[in-house]
Amino acid sequence: MLPMSLQRLKKNISDIVLGKEDSLVLLLVALIAEGHILIEDVPGVGKTLIAKALAASLNADYHRLQCTPDLTPTDVTGFNILDRQSNSFSFRAGPVITNILLVDEINRAVPRTQASLLEAMEERQVTIDGQTIKLPHPFLVVATQNPIEHDGTFPLPEAQLDRFLLKISMGYPSAEEEESILITHGKENPLIKLQEAAGKKDVIEWQELSKGVFVDQSIQAYIVELVRATRTHSAVTFGASPRASLALYRASRALALLRGRNFVIPDDIKYLARYVLNHRLSLKREDRLRGVQTSQVMNEVLATVPVPVEKEGA
């Protein structure tokens, strides 16, 4: 059964971010599975809005980091500054020390600035001048990038991409949804009136509940076979790593919880596989030149790996 607080949160955000049910579910999967999410889409489809709506609905600390080539690692993590009166250093926290961090146009930051997020995303901490600072809990990075502009951008390296639990695209709304957007957003910013629907304690409770979701041994084997199949595909240079297996495992438990179940089914895995695995695959150069996409590879993998079937009498 879906917790009431989670139901309230979903409705609260859906009233603001119209027609993006799948994107909202995947964002909540990242939050509950204690992962991070990369949203790649054109400007103006609601990437920033959905992150702001989530933070406001949870009454969580929220910071936005606008990436540019001159952004430095200390602009992300913070720095020590000398107080001349006391003749001692004091720490000035960077935007990464928050609950929900929106990293807008992450691929416009130079590689060393992108790398400053690695420790925060993986270990939930930052190290400044040898001092380790733990990040608040919960902690979620929502990063965005524009797929159509490449001038002045720095593609994310595989190590950085691998830190994102999910990579999604929100897409354009339908005509009916776009008319609703005009009505809802045309007069004033609806975020101003957005009420708190849950709290940070609720998020921690959901995360603990998801850890109790049952994953049958046959489902675990299915996850492993899917991930291993990406490594042997003829178009793939480097397939998904064991971290991807863990990511798909954690995400499937979170999705099952969001769908009101205390157990994972194969459809959960099939639905999530593209969002969890696509960005972790490295294609061979000749296949990229032929126009092969990672989505095509995943379609073939999902079509060839046998789906576990419930045993009779189980």
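The values are calculated or read from the model by the stated rules, or taken from the named source; none is laboratory data. Given the structure is predicted, the values throughout are model-derived calculations rather than measurements. Here the Cβ positions follow ideal geometry from the backbone for every residue, glycine too, while neighbour counts run over all protein chains shown.
Checking the condition in contact (Cβ under 8 Å) with a residue 40 or more places away in the chain and either closer than 19 Å to Ser295 by Cβ or surrounded by 15 or more Cβ atoms within 10 Å (Cβ to Cβ) (or both), which residue from Arg243, Arg231, Arg261 passes?
Answer to the check: Arg261.
Does Asp41 satisfy the criteria of being more than 19 Å from Gln207 (Cα to Cα), surrounded by fewer than 22 Cβ atoms within 10 Å (Cβ to Cβ) and under 17 Å from the mean Cα position of the chain (by Cα)?
yes
Looking at Gly291, is it under 20 Å from Leu2 (Cβ atoms) and exposed (fewer than 14 other Cβ atoms within 10 Å of the Cβ)?
no
Checking the structure you have, find out if any residue of region 199-206 is among the basic types (Lys, Arg) and free of Cβ contacts under 8 Å to residues at least 12 places away in the same chain.
Yes.
Which members of region 93-115 meet the condition of being closer than 30 Å to Ala198 by Cα and hydroxyl-bearing (Ser, Thr, Tyr)?
Thr98
Only one of Thr153, Thr237 is of a type in the set (Val, Ile, Thr), modelled with pLDDT under 95 and out of contact with any strand residue (DSSP E or B) (no Cβ under 6 Å at 6 or more places or on another chain). Can you tell me which?
Being of a type in the set (Val, Ile, Thr), modelled with pLDDT under 95 and out of contact with any strand residue (DSSP E or B) (no Cβ under 6 Å at 6 or more places or on another chain) holds for just one of Thr153, Thr237, which is Thr153.
What pairs come out if I take residues in region 272-300 that are among the aromatic types (Phe, Trp, Tyr) and pair them with residues that are assigned to a loop (DSSP other than H, G, I, E, B) whose C-beta lies under 9 Å away, six or more apart or interchain?
Qualifying pairs under 9 Å: Tyr275/Leu165.
What about Leu38, is it part of a helix (DSSP H, G or I), aliphatic (A, V, I, L, M), over 25 Å from Thr132 (Cα atoms) and in contact with a strand residue (DSSP E or B) (Cβ under 8 Å, 6 or more places away or on another chain)?
Criteria not met by Leu38.
It is to be established whether one or more residues within region 137-150 are at pLDDT 90 or above, among the aromatic types (Phe, Trp, Tyr) and within 14 Å of the chain's Cα centre (by Cα).
Checked against the condition, which is being at pLDDT 90 or above, among the aromatic types (Phe, Trp, Tyr) and within 14 Å of the chain's Cα centre (by Cα), region 137-150 yields at least one hit.
Looking only at residues in region 11-33 that are of a type in the set (D, E, K, R) and surrounded by fewer than 19 Cβ atoms within 10 Å (Cβ to Cβ), which one is modelled with the lowest pLDDT?
Selected residue: Asp15.
Quick one: which of Gln66, Gln7 is without any contact (Cβ under 8 Å) to a residue 12 or more places away in the chain and not hydroxyl-bearing (Ser, Thr, Tyr)?
Checking each option against the conditions leaves just Gln7.
So, Asn80, is that one among the polar types (S, T, N, Q) and within 11 Å of Val141 (Cα to Cα) or not?
no
Which residues, taken from region 174-216, are in a loop (DSSP other than H, G, I, E, B) and surrounded by 15 or more Cβ atoms within 10 Å (Cβ to Cβ)?
Within region 174-216, Leu194, Ala197, Ala198, Gly199, Val213, Val215, Asp216 meet the criteria.
State yes or no: is Glu225 of a type in the set (Asp, Glu), more than 15 Å from Phe263 (Cα to Cα) and either in contact with a helix residue (DSSP H, G or I) (Cβ under 8 Å, 6 or more places away or on another chain) or assigned by TED's automatic domain parsing to the domain that holds Leu277 (or both)?
Considered against the rule, which asks whether it is of a type in the set (Asp, Glu), more than 15 Å from Phe263 (Cα to Cα) and either in contact with a helix residue (DSSP H, G or I) (Cβ under 8 Å, 6 or more places away or on another chain) or assigned by TED's automatic domain parsing to the domain that holds Leu277 (or both), Glu225 comes out as yes.
Are there any pairs, at least 6 apart or on different chains, whose C-beta atoms fall under 9 Å, with the first in region 116-130 and within 12 Å of Val96 (Cβ to Cβ) and the second of a type in the set (Phe, Trp, Tyr), and if so, which?
Cβ pairs passing all conditions: Ala120/Phe139; Met121/Phe139; Met121/Phe164; Arg124/Phe139; Ile128/Phe79; Ile128/Phe91.
Please count how many residues of region 255-314 are closer than 16 Å to Gln220 by Cβ, aromatic (Phe, Trp, Tyr) and assigned to a helix (DSSP H, G or I).
Number satisfying all stated conditions: 0.
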